Structures are given as structure tokens and as C-alpha cells.
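Here's the structure we're looking at; comments come further down.
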Amino acid sequence: MALRFRSTLQKRSRSVPEAFAQQLIATGQVQHPYIGIQMVALNPQVRQQINNAPNSKIQVENDQGLLVVSVGRGTPAAKAGLQAGDVIEAINSEPVTKANLVQRLVDKAGVGGNLQMDVRRNRQTVALTVEPEQLPNIQSR
């Protein structure tokens, strides 16, 4: 039983490097899709901390989902209309409560793919489509 579990873990941990290797062989480069947000997973304690913070400009109603803390200027998320204070409730009809799931869905969609987001904003649900782009190279000066 432990051997089978270990084998499954090894397969999962190798899948990302193998996908990168296959992409590198096929195209000569590896794509890193991104949408350009910072987010925090919500729960009742996080919601209460945000709502009780004296300098908070955000009031959160949700106990679940992912609060968008910031949106980078000119990023795919900004182009789609995502805003700081939005709560991402679902992507492609899949409920999201953890940031790593969002990253997996972004990776799965790939550069140029589509992510259908259900976002809670000002007590209304807003549907947005975000198209991941290639992560820009950051060059040091």
C-alpha cells in the first residue's frame, strides 16, 4: 500500500517537469501562463480581520472564495476587468477556495486560453473572462 502511494506521488511530481520538458523539446521554450493577481483564501477569521482592520478599504461578505488583494497594471486580469476587492468564487464552473487551484487552472488553460470567472463584487455576481498570457521576463538592471 505504501509503495503504491509513493508511486502515485512520484507520478504527480514528475508530471510538471515532464510537461515542461515536452514543451521545451517541441517548441524550444517553456510557456508560463499568468493572470497577474495577488489573492488570499477567505475563511471566517480572514473575513473578520479584513472587515475589522481600521485602514481597510475593502469590506468582505464571503467566508469562502479567493479575495483579490491586488491586480497588476496591464495584466490579463486587469484587461478582463478584475479588481482589488473582488472575490473569485468559481473558475470554469469549478468552485475555488485555494490559490494553488487557481494556478493549476491557469496552467491548464495555458497562454491564450480562457478562464470563465464568477466573481462577487458589490453584492452581485459578475462573469469575467480572463485570457492568461506569457509571464513577462523580468530583467534586472
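Each reported figure results from applying straightforward, stated rules to the coordinates on display, with no laboratory input. Computed from a prediction, not measured in an experiment: that's the story for all the values here.
Assuming a ≥ b ≥ c are the square roots of the Cα gyration tensor eigenvalues, decide whether the stretch 32-134 counts as rounded (a/c under 1.5), prolate (otherwise, with a/b larger than b/c) or oblate.
Working: a/c = 1.93, a/b = 1.69, b/c = 1.14.
Prolate shape, in that a/c is at least 1.5 and a/b is the bigger ratio.
Leaving out same-chain residues fewer than 8 places away, which aspartates and glutamates sit with a Cα under 16 Å from that of Lys108?
Glu18, Glu94, Glu131, Glu133
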